[in-house]
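Here the structure comes first, spelled out in structure tokens, and everything after it is commentary.
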Amino acid sequence: MTEKTYREALTDALFLEMRRDENVFVMGEDVVGGTGSPHAEPGFVGGVFGVTGGLHEEFGLERCIDMPISEAGIAGTAAGAALAGKRPVAEIMFCDFMGLCLDQLMNQAAKFRYMFGGKATCPMVLRTTYGAGMNAASQHSQSLHPLVTAIPGLKVAMPSTPADAKGLLSTAIRDDDPVIFFEHKTLYTISGDVPDGEHLVPFGKARMVSEGDDCTLVATGRMVSFCENAAQALADDGITCDIIDPRTTSPLDEDAILDSVEKTGRLVVVDETPPRCSFASDIAALAAGEVFSSLKAPIKQITGPHSPVPFAKELEGEFVPSPTKIRDAVSEVVNFK
Amino acid sequence: MQLAREELEQAYKQMKTIREFEEHLHREIMTGSIPGFTHLYAGQEAVAVGVCENLTEADFITSTHRGHGHCIAKGCDVIGMMKELYGKADGLCKGKGGSMHVADMDVGMLGANGIVGGGPPLATGAALAAKLDGKGSVAVSFGGDGSCNQGPVFESMNIAAILNLPSIFVYENNRYSEHTHCDYVIASESIASRVEGFGIHTVKANGFDFFEVHEVMKELIAKAREGNGPCAVEFETTRFYGHFEGDPQNYRAQDELKNDRENNDCITIFKDKVTEAGLLSDDDINKLDEEVNSLIEESVDQAKKSPLPNPEDVTTDVYVSY
Ligand SMILES: Cc1ncc(C[n+]2csc(CCOP(=O)(O)OP(=O)(O)O)c2C)c(N)n1
Ligand SMILES: [Mg+2]
């Protein structure tokens, strides 16, 4: 184990996987930085969030490719290269820009295997950032995992810790299906113990973040630590919670969630997206349909409102679920009569 | 320089207002009082002003992430903009948009844009509306060198051409998209030569010189108003600050910035031209500078005093009615 930041853990996974398999390569805007510059040696950016830094020194510009601002082209080139036997890891700087590449993901990469009668594989990874918290306003703050989770054929990973960042990215790169990999932009600087060497976290296997008796909390990404904060405060009132981080929204570890709800009888789902047709409503529907008789209180969903993400601090703060809102929701369901 | 005295004063004042607006932000961002992502337009003022001085409120523009200059040049209220950047309730967009989303429909400013290449299709749509209205309005999209590689930009140029729309594509080539040099990501000889391939009349011009920008645009915009279809311009220009504040800019040539600031500062070039030709005196310029400075001071003062948004307003204005 070595203490690493979330960012370093991701970079670690890229180094290991690129060494292990020469079909793996990275591509995206400024993933190297300065390729083809008349004034500077390439390599001074390493991705605007710094995840691909240093890769080109070991793997060269052939496998670390700076791309023009052409998101549809980036996603489509990755899908095509994957179809032709490579394992591209494409970076889309903010998931909001997936709007431009949606056709390549939704109609192409997601469906090759099915449409072609099981004869094709598209082992691409599309790494992207998501989430509010930086006052980056409506086009740079969205959490669009529900959108791609809803598309059969795509897998979706969203690590909440440095160890999972490494383990899930390694798995994503080795997976034969297209994976959309969501990195929360406020998590890059958090640190934690990360296993050295090969570390694979299986898809579809939730992490039990903490265990308790009174309520099940389900959350991903940044919201996991918000739940932990809330749970600490609740413990003072004698309320204990299971906190479950599914880690991949597709495939989804349904059993981990359902087993927990059967035990606690209460469910609060937390996600920083608008509420309609969301990951939160998906989990709520799952529990309501499968373990209805175990429920002692209505299921609560703590999400953003049905609005875009606003700019000003006061407004953005209202959009994002807070530990206080989570705590209040748990208190409410625990005290439900 | 066939411009009346008032026109010269107006042009200078607009460029200087943009410059001082950005200089203020440059200082203020370091203190942390400006939230979010802010991209400064300083250095490129001659383009925004040279274009927009040929437009009226009935014409449309779309802008980019580096949008403050276009907004001011098109007539957005400077005080409302400053309030918006500080995230205040009475900002031009009520604190919902911030730097990357300043807009004002009342003056035909259809928005800065957080999506590179987001504007040109919208401007093309506004040009379609203008054509259908038949009153001679035009729509200008501003875009950087980096934006010319987006598919929707290609598509809108072709649409504008086949529908013969009064759509004017302005490319501000400041040599870089973030940290990437334009030569690497643009395969054609220039942006202009690529755009010509769409069957669009295209000009390359010097964006450091307000008078050249103004003259080129005057002719092109007049033709577009008369129903001659789309056109495009690639302006050579420079940004005086990094892509974002704090950008070390190690991708630029040694002395590039120093050289640009010394020899390619559009405001200095303008000042030298008008004073040498005796069109405006140093005193005239100083007076305009004072006016600009007091406007910026006033805007900052008001922005700091303005009320913060009410958290409950997060859900207002999502729809017209719901
Ligand atoms: C669709 C999209 N892709 C990427 C970005 C990130 N980004 C913001 S500005 C920028 C560079 C734009 O370069 P250019 O068009 O030359 O404009 P300049 O910054 O030079 O004004 C990039 C890549 C974005 N905002 N939108
Ligand atoms: Mg540029």
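Would segment A:260-337 count as rounded, prolate or oblate if I go by the C-alpha gyration tensor, calling it rounded below 1.5 in a/c and otherwise prolate when a/b exceeds b/c, oblate otherwise? Please list the in-between numbers first.
On the way: a/c = 3.49, a/b = 1.78, b/c = 1.96.
Cα axes put segment A:260-337 in the oblate bin.
Roll a 1.4 Å probe over the protein chains and send me the accessible area per residue for chain B in Å².
Per residue, chain B has 40 Å² of solvent-accessible surface.
Under the definition of Cα pairs under 8 Å and six or more residues apart, what whole-number percent is the relative contact order of chain A?
16
Could you pull out every one of the lysines with an alpha carbon less than 21 Å from that of B:LYS74, ignoring same-chain neighbours closer than 8 positions?
Those lysines meeting the cut-off are B:LYS13, B:LYS16, B:LYS83, B:LYS94, B:LYS96, B:LYS131, B:LYS135, B:LYS218, B:LYS223.
Which percent of the accessible heavy-atom area of chain A goes to carbon and sulfur, probe 1.4 angstrom?
50
In terms of the Cα gyration tensor, with a ≥ b ≥ c the square roots of its eigenvalues, is segment B:5-315 rounded because a/c is under 1.5, prolate because a/b exceeds b/c, or oblate?
Rounded, since a/c falls under 1.5.
Output the 0 to 90 degree angle, nearest 10, between the alpha-carbon long axis of helix A:162-174 and the longest principal axis computed from the alpha carbons of chain A.
60
Where the only charges are on Cβ atoms (+1 Lys, Arg; -1 Asp, Glu), what is the dipole of segment B:5-315 about its Cα centre, to the nearest 20 debye?
Charge dipole, segment B:5-315, about its Cα centre: 860 debye, nearest 20.
A:LYS155: which lysines have alpha carbons under 22 Å from its alpha carbon, excluding same-chain residues fewer than 8 sequence positions away?
Cα-Cα hits under 22 Å: A:LYS86, A:LYS111, A:LYS119, A:LYS166, A:LYS185, A:LYS205.
Restricting to DSSP loop positions (anything but H, G, I, E, B) with no more than 16 other Cβ atoms inside 10 Å of their own Cβ, which trypsin sites (Lys or Arg not before Pro) remain in segment A:204-284?
Those that pass, being in a loop and sparsely packed, are A:LYS205, A:ARG276.
Given the C-alpha centroids of segment B:1-64 and segment B:151-165, what is the distance between them in whole angstrom?
The distance from the Cα centre of segment B:1-64 to that of segment B:151-165 comes to 27 Å.
Can you list the residues, at least 5 places off or on another chain, whose amide H is less than 5 Å from the amide H of A:SER250, using H built in the peptide plane?
A:VAL156
In whole Hz and in residue order, list the ³J(HN,Hα) couplings for segment B:168-185 that follow from phi through the Karplus curve 6.51 cos²θ - 1.76 cosθ + 1.60, θ = phi - 60°; x for Gly and Pro.
With coefficients 6.51, -1.76 and 1.60, one gets 10, 9, 9, 9, 9, 8, 9, 6, 10, 10, 6, 10, 9, 6, 4, 4, 6, 9 Hz.
Only helical DSSP H runs with n ≥ 4 go in: add -39500 (n - 2.57) per run for chain A, normalise by residue count and round the 222 nm mean residue ellipticity to 500 deg cm²/dmol. Kindly include the intermediate steps, with their values, before the conclusion.
Working: 12 runs with 118 residues, N = 337.
Calculated from helices alone, the mean residue ellipticity at 222 nm is -10000 deg cm²/dmol.
Quick one: which bits of segment A:47-80 get at least 50 Å² less accessible when the partner protein chains are in, versus the chain alone, with a 1.4 Å probe?
By number: A:ILE69.
Could you give me the ³J(HN,Hα) list for segment A:271-277, computed from phi with Karplus coefficients 6.51, -1.76, 1.60 and θ = phi - 60°, whole Hz, x at Gly and Pro?
Here the 3J(HN,Hα) series is 7, 9, 10, x, x, 6, 6 Hz.
Using the Cα gyration tensor of segment A:2-194, with a ≥ b ≥ c the square roots of its eigenvalues, what is the shape: rounded (a/c below 1.5), prolate (a/b larger than b/c) or oblate (neither)?
Note, shape of segment A:2-194 comes out rounded.
Residues with amide H under 5 Å of B:THR202's amide H, sequence separation 5 or more or different chain, H placed in the peptide plane at 1.01 Å from N; which?
Those qualifying (amide H under 5 Å, at least 5 residues apart or on another chain) are B:ALA232.
Report, to the nearest whole %, how much of the accessible area of segment B:5-315 belongs to carbon and sulfur atoms, 1.4 Å probe, protein only.
Of all accessible area on segment B:5-315, carbon and sulfur atoms account for 49 percent.
Given a 1.4 Å probe and no ligands, DNA or RNA in the count, how much accessible surface is buried by B and A, both sides, to the nearest 100 Å²?
On the way: alone 14530 and 13990 Å², together 25140 Å².
Between B and A, the summed buried area is about 3400 Å².
Which number gives the lysine pairs in segment A:249-337 that have C-alpha atoms under 19 Å apart and are eight or more places apart or on different chains?
Final tally of qualifying lysine pairs is 7.
In whole Å, how far is the Cα centre of segment B:256-322 from that of segment A:293-337?
42
Output ³J(HN,Hα) for segment A:183-199: one whole-Hz value per residue in order, computed from phi by the Karplus curve 6.51 cos²θ - 1.76 cosθ + 1.60 with θ = phi - 60°, and x for Gly and Pro.
10, 7, 5, 8, 9, 3, 9, 6, 10, x, 6, 10, x, 6, x, 4, 9
Which Cys in chain B stand alone, with every other cysteine's Cβ at 4.7 Å or more from theirs?
B:CYS52, B:CYS93, B:CYS148, B:CYS182, B:CYS231, B:CYS266
So for the protein assembly as shown, Kirkwood radius off the Cα pairs, Stokes-Einstein at 37 °C and 0.692 mPa s: how many µm² s⁻¹? All intermediate terms of the calculation are to be shown ahead of the outcome.
Working: Rh = 26.4 Å.
This corresponds to a translational diffusion coefficient of 124 µm²/s.
Evaluate E = 1/(1 + (r/R0)^6) for B:GLU245 and A:ASP255, where r is the Cβ-Cβ distance and R0 equals 41 Å; express this FRET efficiency to the nearest 0.05.
0.25
Considering amide H positions built from the backbone, and no H for Pro or chain starts, which residues 5 or more places from A:GLU183, or on another chain, come under 5 Å of its amide H?
Here A:THR128, A:THR129, A:TYR130 satisfy the definition.
The values are calculated or read from the model by the stated rules, or taken from the named source; none is laboratory data. Bear in mind that the values here come from a model prediction, so they are computed numbers and not experimental data. Reconstructed Cβ throughout: ideal geometry from the backbone, glycine too, with neighbour counts over all protein chains shown. Quick note on the areas: whole protein, heavy atoms, side chains included, nothing else; ligands and nucleic acids left out. Shrake-Rupley method; radii C 1.70, N 1.55, O 1.52, S 1.80 Å.
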